[in-house]
Amino acid sequence: MSTLERACLPTGSPTGLEAVAYFQTVVALFQSLPTYQWLASQGITPSSTQTYTLSALISALTTASGGFTPALDCSGTSLNQISWYFNLKGSVIDGVFVPITAPQSGSCPSHGIKYPLKSGSPSTTEPAMRKTIVSS
């Protein structure tokens, strides 16, 4: 996402309001993409032993998102990032984020992809990955 200039805000806005607006937008976009739940609904869950194919991961996410394909990045064979892309119509503050298919594929191999558990508490079921939201 490009930076948000103070000049985009109403005259007299307090210093730092552009950062608040930016992070509020990012959090709202993040919450609109329940990636973990979308994968889990297709039986794809974090595991220390199970592996998945890239096509299974992409199919689950593309279907759940309404037809938009993210980029999946791996560190070796471990999934560590999913990037969703948007075209922004208007400003970051009050514009419309239109989802689009990733302009390029990620770095994951076609098969043998591990979807690791988070480190820490053994009862944790959330994945050990980042979800990146990018607008173009």
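The values are calculated or read from the model by the stated rules, or taken from the named source; none is laboratory data. Note that the coordinates shown come from a computational prediction; the quantities given were computed from them, not determined experimentally. Because the Cβ atoms are built from the backbone with ideal geometry, glycine has one as well, and the counts that use them run over all protein chains shown.
Each residue in the stretch 1-22 was checked for being part of a loop (DSSP other than H, G, I, E, B) and either at pLDDT 95 or above or among the small types (G, A, S) (or both), and 4 pass. Looking only at the stretch 39-72, which residues are in a helix (DSSP H, G or I) and surrounded by fewer than 17 Cβ atoms within 10 Å (Cβ to Cβ)? Within the stretch 39-72, A40, S55, A56, S59, T62, T63 meet the criteria. Over 24 Å from R6 (Cα atoms), touching a strand residue (DSSP E or B) at 6+ places or on another chain (Cβ under 6 Å), touching a residue at least 60 places away in the same chain (Cβ under 8 Å) and among the aliphatic types (A, V, I, L, M), is that true of I100? Taking the combined requirement at face value, the residue does not satisfy it. The single residue among T124, T25 that is more than 30 Å from P10 (Cβ to Cβ), among the hydroxyl-bearing types (S, T, Y) and modelled with pLDDT under 95 turns out to be T124.
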